[in-house]
Amino acid sequence: MADRSDTQRGLVSFAGALAILNLGLVMPFQMYQIDEVISVHLAQIPAAIRPGNNVYFIHPRGGFYVADMVQMDPRLRDRDLFLVSHGAELDALLIRRNWPGAVKIAGAAAADQWYLGSQEQRVPIPGSRGQAQFLFAPAPVP
């Protein structure tokens, strides 16, 4: 009976040592690996130009998991828009209809970037405290 108790204590001590080793060595290494993957993922999209607003048209099949980047505030309050591309012509049409002064400043396999200028393009949200949102012009009816 005494041997079984010693074995259990040894097993518990071994498990505790492994847990501490995991926290001290394995977890920092895994955090480093995750940071590297995320950094490479985010590097596919050009950096935003400030001051001003940017519109990115993400090409879902053009990069490494770039469809995941089409995430934004549903109320369109962020300074930048991440939209799914529907082809260069339709993307340009949407930009020209809503922001005639916008300039396409970057194009890559993963995304195209349009700069809307240094002027704020979002409009104030009624009843909010300093929040603003993008508004889109309605599509013309043929």
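What follows draws every value from the coordinates through simple rules; no lab data is involved. Predicted model, so just to flag it, every value in this text is computed and none were measured.
Descriptive notes on the structure:
- Note on the chain: helix-only mean residue ellipticity at 222 nm, from DSSP H runs of 4+ residues weighted -39500 (n - 2.57) and normalised by residue number, equals -11000 deg cm²/dmol.
- Cα shape, segment 1-43, gyration tensor, a/c 1.5 rule: prolate
- Global geometry of segment 54-133, whether rounded, prolate or oblate, following the gyration tensor of its Cα atoms and the 1.5 cut on a/c: oblate
- Against the main long axis of the alpha-carbon atoms of the chain, helix 27-42 sits at an angle near 20°.
- For segment 103-111, Karplus couplings with θ = phi - 60° (6.51, -1.76, 1.60), whole Hz, Gly/Pro x: 10, 7, 10, 8, x, 9, 4, 7, 6
- Percent of Cα-Cα distances greater than 22 Å, calculated over the chain: 56 percent
- Degrees, to the nearest 10: 88-98 long Cα axis against longest axis of the chain: 70 degrees
- Among Tyr65, Tyr32, Tyr56, the largest mean-square fluctuation in a Gaussian network model of the chain, built with springs joining Cα atoms closer than 10 Å, belongs to Tyr32.
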